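Student: Before I ask anything, let me first share the structure, which is written out below as structure tokens.
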Amino acid sequence: MILRRVAVILFVPVMLAFGSGVYLYLGTLKSKVVQERPQLPTLTKPKFVLPGTMFVVQAGRLFKLEAGGFSEVGPAGEWSQPTLTPDHTRMVAVLRGGASSDLYLLDLGGHVLKRLTKNDSRYLDSNHWAFYPRISPDGANVVYSFDSPKTNGVDLSVWSMPLNGAQSQARRWTDPYWYTGGDVNPIPLASGGLLFVRHSIDPSTTVHSRIYYQSRALAIAKPLTTEADDCSQAALSADGTQLAMVCSHGKQTAALEVAPFTGTALGPARVLLQGGLYASPAWSPDGKALAYFAPQGQAGHFQLWWLPLPVNPPPSPTAASSPSMSASARASSSVAPAPTPVQVTEGVDLSATSPPAWY
């Protein structure tokens, strides 16, 4: 019995040492690339100098990219989705709290000029979410997605309020499909109409996204893309004639596409890139290129990319164009050569849900 106790006493430390050794050895086999932490944009130098000025987000912090360098702007907080006023003198951004989010008006140095909404409450059910702000072309209104009316889930409707007014003046524009996430990514048009992305659910409980056009508040919305295309993240060129979008076509990867826009309809699309995880396209100030986010490297951090567009223009929309036409059919009329994307950033991890604000 004494020998058995002595054996146990001597064996336990050996077991612990062996187990610790195995654990430490296995730890050395982990990929150091996957563990790599992203750098602050201000500590990096872009690989390609973009024209103009751009605002992007990383980890809730606002950064300005200008003349080939980053600088941080704005106070601390969970910031996202900055968008510029038409005169490029101010921007609106989302500030997220624990159970709500609000819209703020800032100058281009990131200083808060005005809190546009007050969506936080001491009562949990009275908190609200506001996302995807965009300023109307005349600079008079801000449109955004807002979770009102309330449902058992979070379903967003598109709302509009005066930029220089009060939240009490906000009016609802869309009536979403409930229990799908709702209507997002609104784009106010110079005509007074609206583009937005609507989520819907089919009998198999699969959620789809489609781009819609609506002429006025609470009017019947017209789909511009099909359920099969699964298009979202729309971005309109500065002259209002081209629409960039990300379409998944029911796959795990996506395509970056561009289609001409008449003001109420889309024409044949060009597939610029496919087979990747593209996010948040934004037009260059001259309308000749796109910026977007995509992961790079084994760590999967989202980098900024620049994509020059093919020189020859796409066909003009025709009366025959309709959302029933598949993306492959729409794209088949395009003969433009595939452009080559250029990686702009390296080592950062930019927010893929906050499109670049570029002027």
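Student: Once phi is turned into θ = phi - 60°, what whole-Hz ³J(HN,Hα) does the Karplus curve with 6.51, -1.76 and 1.60 give for every residue of segment 146-151, x standing for Gly and Pro?
Tutor: For segment 146-151, the Karplus curve yields 9, 8, 9, x, 6, 10 Hz.
Student: May I ask you to give the solvent-accessible area per residue for segment 226-284, in square angstrom, as obtained with a 1.4 angstrom probe?
Tutor: With the other protein chains kept in place, segment 226-284 gives 33 Å² per residue.
Student: Next question, about the same structure. What is the distance in Å between the Cα centres of segment 144-193 and segment 126-142?
Tutor: So the separation of the two Cα centres works out to 8 Å.
Student: Quick one: which residues, 5 or more positions from LEU62 or on another chain, have an amide H under 5 Å from its amide H? H modelled 1.01 Å from N in the peptide plane, none for Pro or chain starts.
Tutor: The answer is VAL73.
Student: Hey, if we sort ASP183, ASP138, ASP107 by accessible area with the 1.4 Å probe, largest down, what's the order?
Tutor: ASP138, ASP107, ASP183
Student: Now for a separate question. Which of the trypsin sites (Lys or Arg not before Pro) across segment 133-176 are loop residues per DSSP, with 16 or fewer other Cβ within 10 Å?
Tutor: Hits after loop and neighbour filter: LYS150.
Student: Short version: ³J(HN,Hα) in whole Hz for each residue of segment 301-309, in order, from phi by Karplus 6.51 cos²θ - 1.76 cosθ + 1.60 (θ = phi - 60°), x for Gly and Pro, what are they?
Tutor: 6, 7, 10, 8, 10, 10, 10, x, 8
Student: To continue, here is another question. Can you compute 3J(HN,Hα) from phi for each residue in segment 62-76, using the Karplus curve 6.51 cos²θ - 1.76 cosθ + 1.60 with θ = phi - 60°, rounded to whole Hz and x for Gly and Pro?
Tutor: 8, 10, 9, 10, 8, 6, x, x, 9, 9, 8, 10, x, x, 5
Student: In terms of modelled amide H atoms, which long-range or inter-chain residues lie less than 5 Å from the amide H of LEU304?
Tutor: VAL344, THR345
Student: Sticking with this structure for a sec: For a quick check: with amide H placed at 1.01 Å from N, whose amide H comes under 5 Å from ILE187's, ignoring anything fewer than 5 positions away on the same chain?
Tutor: LEU195, PHE196
The values are calculated or read from the model by the stated rules, or taken from the named source; none is laboratory data. It should be emphasised that the depicted structure is a prediction, and the values quoted were computed from it without experimental measurement. Methodologically, a virtual Cβ is constructed for each residue, glycine included, from the backbone with ideal geometry; neighbour enumeration extends over all protein chains shown. In case anyone asks, the SASA skips ligands and DNA or RNA and just uses the protein heavy atoms, side chains included. Shrake-Rupley method; radii C 1.70, N 1.55, O 1.52, S 1.80 Å.
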